[in-house]
Amino acid sequence: MKETYSIFWKGNVVGEATNLMFDMWYGHSKFSINDSSEAKEFVQLVSALEVKAAFKSPWTGIICTLIQNENKTNKIDILALGMDESNLFMRMAFSTR
């Protein structure tokens, strides 16, 4: 079974992540956008990030939460670091919640 994650940004689902892969703190996934104005704004912001620069300065990323669709208790806080076509690049973020 393929795991899928809903991507939450500012309390809204903006898309879906599949084929999620992490190596240490950094990862990437295939990204499918939702049809909403918030999702379009999210893609515009993330697409404007320089991926290589964001890897060096991850605090420039956009804070999001991934919630696994098959197990809603599986949540991962991330910083979205950029996009390349349909690939979303990210870094795990740690929160106090």
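Each value in this text was obtained by applying a stated rule to the coordinates, not by laboratory testing. What you see is a predicted model, and the numbers here were worked out from it, not measured in a lab. All Cβ positions, glycine included, derive from the backbone under ideal geometry; neighbour counts span all protein chains shown.
Laid out as a table, the results:
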{"item": "Euclidean distance between Cα centres, the stretch 51-97 to the stretch 1-35, Å", "result": "8"}
{"item": "GNM flexibility winner over the chain from 48, 17, 80 (Cα, springs under 10 Å)", "result": "48"}
{"item": "DSSP-assigned coil residues among trypsin sites (Lys or Arg not before Pro) in the stretch 1-70, each with at most 14 further Cβ atoms within 10 Å", "result": "2, 10"}
{"item": "Sum of -39500 (n - 2.57) over DSSP H runs of 4+, divided by residues of the chain (222 nm, nearest 500)", "result": "-5000 deg cm²/dmol"}
{"item": "Hypothetical label at residue 2: residues of the stretch 30-51 whose amide nitrogen lies under 14 Å (7 Å Cα-Cβ projection)", "result": "30-33"}
{"item": "Estimated dipole of the chain in Debye, rounded to 20 [Cβ of Lys and Arg +1, of Asp and Glu -1, Cα centre]", "result": "280"}
